[in-house]
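J.: Before I ask anything, let me first share the structure, which is written out below as structure tokens.
The values are calculated or read from the model by the stated rules, or taken from the named source; none is laboratory data. Just so you know, these numbers come straight off a predicted model, no measurement behind them. Ideal geometry is used to build each Cβ from the backbone, glycine not excepted, and the neighbour counts take in all protein chains shown. Please note that ligands, DNA and RNA were not included when accessible areas were found on the heavy atoms of the full protein model with its side chains. Shrake-Rupley method; radii C 1.70, N 1.55, O 1.52, S 1.80 Å.
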Amino acid sequence: MQQARAAYQPKLPKALQGPVKVKEGEPTQSVDNQEEIKKLFPNTYGMPLVEFVQGEEQEHEPMNVGIILSGGQAPGGHNVITGLFDAVKKLNPENKLYGFLMGPGGLVDHDYMELTAELIDDYRNTGGFDMIGSGRTKLEKEDQFEKGLEIIRQLNIKAIVIIGGDDSNTNACVLAEYYAAKNVGVQVIGCPKTIDGDLKNEQIETSFGFDTATKTYAELIGNIERDCNSARKYWHFIKVMGRSASHIALECALQCQPNICLISEEVQKADLTLNQIIDQICTVIAARAARGKNYGTIIIPEGLIEFIPAIGRLIQELNDLLAAHGNDYRDLDKAAQREYIIAHLSKENVGTFETLPEGVARQLSLDRDPHGNVQVSLIETEKLLSEMCEARLAQWKKEGKFAGKFAAQHHFFGYEGRCAAPSNFDADYCYALGTSAAQLIAAGKTGYMAIVKNTTAPAAEWVAGGVPITMMMNMERRNGEMKPVIRKALVDLEGAPFKALVAMRDEWANHTCYLYPGPIQYWGPTEVCDQPTRTLALEQGRD
């Protein structure tokens, strides 16, 4: 399969298949906090949208480009690199591409390698980020920017391409502004990566890796559903990756039709408590048991805990507390840390903290990731929910409200999808993003993110271009301070994908409607192997 995939030639939008020219749109502004963002990014704010259209052949001066993979892995990253490589070589065969190793830290530490045609060919259409590795170093300090500038000048690099999610592209925007303010002649371009699907807006239809990851998880969930419907004795609690938004859970539900799919954003809007969520789940379990069906599947978004309003308020206060007093707190033993937190929280949040299972309360109290986020992947939400359901059902049985059996199995699908071989969609999409990044550099742009639109149409009809990163930014509290960040795209409760779930979920709960998507298809009929996600098709009215 690796040999066959290596031979696959990604499809490009028609405008990127030959020489291009830039078509500029109207000036832009940030999605919110316009004055604050403009003040922070005076040199990269208000730039126009860019679209590439067919142009005429022209000569390009030689240029060197650096590339960085930042954050968690996502299928298709290697195709962004190969698309960039092919495009810069096509612009001028003398151009060179340098990969900075193990993420942004490679730029700061001057750890790099030249990416040659021989090396590139080994990674075409492959999953993973292992060509140059990735990391989570934040680029936010002047000394980091200056250290990076040293190696950029040494290698005569004209532009840096940062492939990452919302936090990584926020860093790309900060870096672009710094180099633009100093007028050092270094461009910075971003590419939208995250399997979570929360880096999207009117300009970014989908982030790369989401298509492949959700198809990978849907295959596994379908396998579990088939087993569930065969053994008919377990409730499968399946947590899927997605630190904040529930896009992955929603897409997998649309593909597989489980009995229950929790959507964090809906929980937050309805102001549900953890106990109310348990009651909702147990009501479905009891109703199915009454019909002799002591089995089922439940999809749970990874970030659910943060979206339960009372727990969300607790987390916000914990974030501020750890940001202000983290050094004092870290030196205490486990028991003393709990006492310290209880002593410093507000009365309302102490009440919430004390009602949580000890393991969950402990996880919420641990160090944040480099971007100030709770490490929700460490919280075994699937086990927490099943244990609480077991206790609730035992109580109902004593009260005569439940006459069935309950046994649970637990699953967490995260790493299984991050490095899968990219689907045809992601292989094409990422190659086009890399090509667009090269054209943005050739056009002299900085502070832009490469974009590809009209993605439910055939690839030849896709529209490529760039969006100023400042257009997507707003101010949010991070680590106790207001910071400029790219706004996350949560599940739209008024959107077509969520409404499709709502329309069907009662039937899914009461009946067994499982679908079994099977493995990702890499070759075969177009109607099988080249389809976009249900989310994208519904959003664009193509479903």
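J.: Heavy-atom accessible area of ILE224 with all protein chains present, probe 1.4 Å, nearest 10 Å²?
T.: Its heavy atoms expose roughly 20 Å² to the probe.
J.: How much accessible area does PHE412 have with a 1.4 Å probe, in Å² rounded to the nearest 10?
T.: Per-residue accessible area (PHE412): approximately 60 Å².
J.: Sticking with this one: Can you compute 3J(HN,Hα) from phi for each residue in the stretch 483-494, using the Karplus curve 6.51 cos²θ - 1.76 cosθ + 1.60 with θ = phi - 60°, rounded to whole Hz and x for Gly and Pro?
T.: The phi angles translate into 10, x, 9, 6, 5, 6, 9, 8, 4, 7, 6, 9 Hz.
J.: Using amide H atoms built 1.01 Å from N in the peptide plane, name the residues 5+ places from ALA421, or on other chains, whose amide H lies under 5 Å from its own.
T.: GLY127
J.: Related question: Report the GluC sites (Glu not before Pro) located in the stretch 72-142 that are in a DSSP loop and have at most 12 other Cβ atoms inside 10 Å of their Cβ, or state none.
T.: Within the stretch 72-142, the qualifying GluC sites (Glu not before Pro) (loop, at most 12 other Cβ atoms within 10 Å) are GLU94.
J.: How much accessible surface does GLU24 have with a 1.4 Å probe, in Å² rounded to 10?
T.: Surface open to solvent at GLU24 totals about 100 Å².
J.: I've got another one for you. Any of LYS21/LYS138; LYS14/LYS182; LYS141/LYS488; LYS96/LYS182 with alpha carbons more than 32 Å apart? Name them for me. Walk me through the numbers before you get to the answer.
T.: Working: LYS21/LYS138 34 Å; LYS14/LYS182 37 Å; LYS141/LYS488 23 Å; LYS96/LYS182 24 Å.
Too far apart for the 32 Å limit: LYS21/LYS138; LYS14/LYS182.
J.: What whole-number value in Å² describes the accessible area per residue of the chain for a 1.4 Å probe? Display every interim value, and only then the final one.
T.: Numbers: 22510 Å² over 543 residues.
Heavy-atom SASA per residue in the chain reads 41 Å².
J.: Still on this structure: For the chain, the longest stretch holding no trypsin sites (Lys or Arg not before Pro) located in a DSSP loop with at most 14 other Cβ atoms within 10 Å is which?
T.: On the way: sites that count: LYS141, ARG232, LYS233, ARG291, LYS401, LYS405, ARG542.
By the stated rule (loop sites, at most 14 other Cβ atoms within 10 Å), 1-140.
J.: Would you list the membrane-span-like helices of the chain, meaning whole DSSP H runs whose alpha-carbon atoms span at least 15 Å along their axis and whose mean Kyte-Doolittle value is at least -1.0? Each step should come with its number before you reach the end.
T.: Numbers: long enough: 77-91 (21 Å, 0.37); 142-154 (18 Å, -1.09); 166-182 (24 Å, -0.46); 210-231 (31 Å, -0.48); 274-290 (24 Å, 0.97); 309-330 (28 Å, -0.33); 334-344 (16 Å, -0.50); 381-398 (26 Å, -0.73); 424-442 (27 Å, 0.42); 496-510 (23 Å, -0.10).
Taking the DSSP H segments of the chain (at least 15 Å long, mean hydropathy at least -1.0), we get 77-91, 166-182, 210-231, 274-290, 309-330, 334-344, 381-398, 424-442, 496-510.
J.: Something else now. Mind giving me the FRET efficiency for ASN201 and GLU416? R0 is 30 Å, r the Cβ-Cβ distance, nearest 0.05 is fine.
T.: 0.60
J.: In addition: Calculate I(q)/I(0) for the chain by the Debye formula, one identical point scatterer on each C-alpha and no solvent, and give its log10 at q = 0.05 Å⁻¹ to two decimals.
T.: Normalising to I(0) and taking log10 leaves -0.21.
J.: Which entries in the list LYS39/LYS239; LYS239/LYS401; LYS200/LYS483; LYS239/LYS269 go over 31 Å, if you measure between the two C-alpha atoms of each? Don't skip to the answer; put the middle values down first.
T.: Working: LYS39/LYS239 41 Å; LYS239/LYS401 28 Å; LYS200/LYS483 20 Å; LYS239/LYS269 21 Å.
Beyond 31 Å: LYS39/LYS239.
J.: Can you classify the stretch 242-282 as rounded, prolate or oblate using the Cα gyration tensor, where a ≥ b ≥ c are the square roots of its eigenvalues, rounded means a/c under 1.5, and otherwise it's prolate if a/b beats b/c and oblate if not? Can you show the working numbers first?
T.: Working: a/c = 2.74, a/b = 1.35, b/c = 2.03.
Here the stretch 242-282 falls in the oblate category.
J.: Let me ask something else. When a/c is below 1.5 the answer is rounded, else prolate if a/b is larger than b/c, else oblate, so apply that to the stretch 487-543 with a ≥ b ≥ c taken from the square roots of the Cα gyration tensor eigenvalues. Please report the intermediate quantities before stating the final value.
T.: Values: a/c = 2.30, a/b = 1.21, b/c = 1.90.
Oblate.
J.: Could you tell me which of rounded, prolate or oblate describes the stretch 1-157, using a ≥ b ≥ c as the square roots of the eigenvalues of the alpha-carbon gyration tensor, with rounded for a/c under 1.5 and, failing that, prolate when a/b is larger than b/c and oblate otherwise?
T.: Details: a/c = 1.58, a/b = 1.14, b/c = 1.38.
Note, shape of the stretch 1-157 comes out oblate.
J.: Which percent of the accessible area of the chain is formed by carbon and sulfur heavy atoms (probe 1.4 angstrom)? Display every interim value, and only then the final one.
T.: Values: 10580 of 22510 Å².
For the chain, the apolar C and S fraction of the accessible surface comes to 47 percent.
J.: Further question on the same structure: Relative contact order of the chain, please, whole-number percent, based on alpha carbon pairs below 8 angstrom and at least 6 residues apart. Don't skip to the answer; put the middle values down first.
T.: Details: 1143 pairs, mean separation 132.3, N = 543.
Here the relative contact order equals 24 percent.
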